[in-house]
Amino acid sequence: MKPAHLSLSRVAVTLGTVMLCISLSWAADDQAEIAKRLAESAKVLDEVMSTPNKGIPDGVIKRATCVAVFPATVQVAVLVGAKHGKGFVTCRTPNGWSTPAPLTISGGSWGAQLGGLEVDLVMVITSEKGMQQLMSGKFNLGTETSVTAGPVGNHEWKMNEDVLTYARARGAFAGFNLTGSSITQDHDDTRALYGSTASLSDILSGKIQPASATQPFLGEVEKYAGQTKTKK
């Protein structure tokens, strides 16, 4: 039998390796990687909305004050679980949709519930309260705001939640509850994309000019959610 301290050492090395991989994955991406993720976010939204009778209802997306997409969000599980992803959010302003702000999402139990290694996440903020909470930089789903799995297809819906959430894994798309997840600004990617560490409030209120790489994503949001400001 091998000494217990050797087994514990191997566990420690394995945990250290996992945490190093997670740490590296959170490092700032270069502009090419950010542009790729923006294009993937646009593709996810288009594919979701283009699925007959299975996408986000028009009444939901057109009511949106903000739309966020996290493409290929990853779950890691080696002795310990870790869930995180990167994506973008844009919000309505009096002059149209804001340039997208880079975000990270972490925590919650969506990875285990979906049972997949990679999922696409879509979040529709439907209230002024939800938008202001996001802009504050402290956005914990289900704590400061009400959140629930969003309706899918052409079914009638009556909901007063601030945030509606969806997920796609293994080709299946459905409303999905992201309660417990934490969303924060990705400051490193913000600097890489815009050349400064502008705040979420400045970006999402329309004070920052869009970068060329953001156009595919903005185009898809405008295509499905419209361009006029939502009145509350």
How large is ³J(HN,Hα) for each residue in the stretch 92-106, as worked out from phi by the Karplus curve 6.51 cos²θ - 1.76 cosθ + 1.60 (θ = phi - 60°), to whole Hz, x for Gly and Pro? 5, 10, x, 10, x, 7, 6, 5, x, 9, x, 10, 10, 10, 8
For the stretch 190-204, 3J(HN,Hα) per residue [Karplus equation, 6.51 cos²θ - 1.76 cosθ + 1.60, θ = phi - 60°, Hz, x = Gly/Pro]: 4, 5, 5, 7, 10, x, 7, 9, 4, 6, 4, 4, 5, 5, 7
Name the residues whose placed amide hydrogens come within less than 5 Å of the amide hydrogen of residue 93, ignoring near sequence neighbours (fewer than 5 apart) on the same chain. 98
Neighbourhood net charge (14 Å Cβ-Cβ; Lys/Arg +1, Asp/Glu -1) for residue 216: -1
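Here, each number is a calculation from the coordinates, and none is a lab measurement. Here the structure is a predicted model, which is why all the values come from computation and not from measurement. As a convention, Cβ positions derive from the backbone with ideal geometry for all residues, glycine included, and neighbour counts pool all protein chains shown.
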